[in-house]
Structure formats: C-alpha cells, structure tokens
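To start, the structure itself, in structure tokens.
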Amino acid sequence: MASYEFEGEDLLFYCYLQPKASRSEIVGLHDGLIKVRIAAPPVDGKANATLIKFLASYFGTAAKTVNITSGQHSRRKRIRITGPVLLPEEFKSLFS
C-alpha cells in the first residue's frame, strides 16, 4: 500500500511518473506508488521540471519547496515538499 509521511513539516512520498500525457494530473496508484501523469516529454529534464511545478500548484506551495530527492532519471521518484499549504482530500484518499 502506498503511503506518505511527514518529517517535521516536510511531506515525503514516492510517485510513478508517466510523461507525455495529454494533461498533468494525479490518477491513482501504480505498484503502490502515486501515479502522476505529466504533459511534458522526458527530454532534457522537462518532465521533472513540469512535475515540480505541478506538485507545487497541487499542494499550494512554491516550486522551490518541491524536491525530487531520488529518481532524477527514473519514472519512480521520491518527493519531498517543504511546508505544503494544502493536503488535498483526493491525495489522502489514495492511502485509505
């Protein structure tokens, strides 16, 4: 089962990235990871940059507070968000 945790005020979770989607969105789980579709291609870091911007908007925070802590060149990534303003119900419901 997928999970998220807080380390102090930082939100930590793993995601599975699907680049070149028709739109950017969180769509559920994939192998126990949060599946995120991103509209950008996986070329020259565009998918990672778009993922950071998308997650910042989704959690109501600035892009500089979203970090990919592992998986820079992989579809499986560990994400750290410092001080997310929002924790959307649809995000929390993925884990129940």
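The values are calculated or read from the model by the stated rules, or taken from the named source; none is laboratory data. Just so it is clear, the structure is predicted and the values come from calculations on it, not from any experiment. Every residue, glycine as well, gets a Cβ built from its backbone with ideal geometry; the counts of neighbours run over all protein chains shown.
Observations on the model:
- Of all the numbered requirements in (1) surrounded by fewer than 17 Cβ atoms within 10 Å (Cβ to Cβ); (2) at pLDDT 95 or above, residue 79 misses one, and that requirement is (1).
- Qualifying residue in segment 42-49 (condition: part of a loop (DSSP other than H, G, I, E, B), acidic (Asp, Glu) and free of Cβ contacts under 8 Å to residues at least 12 places away in the same chain): yes
- Total residues in segment 38-70 satisfying the condition of being closer than 22 Å to residue 85 by Cα and not hydroxyl-bearing (Ser, Thr, Tyr): the figure is 17.
- Qualifying position, being surrounded by fewer than 17 Cβ atoms within 10 Å (Cβ to Cβ) and in contact with a helix residue (DSSP H, G or I) (Cβ under 7 Å, 6 or more places away or on another chain), among 39, 56: 39
- Considering segment 52-96, and only residues there that are among the hydrophobic types (A, V, I, L, M, F, W, C) and part of a loop (DSSP other than H, G, I, E, B), the residue that is nearest to the chain's Cα centre (by Cα) turns out to be 59.
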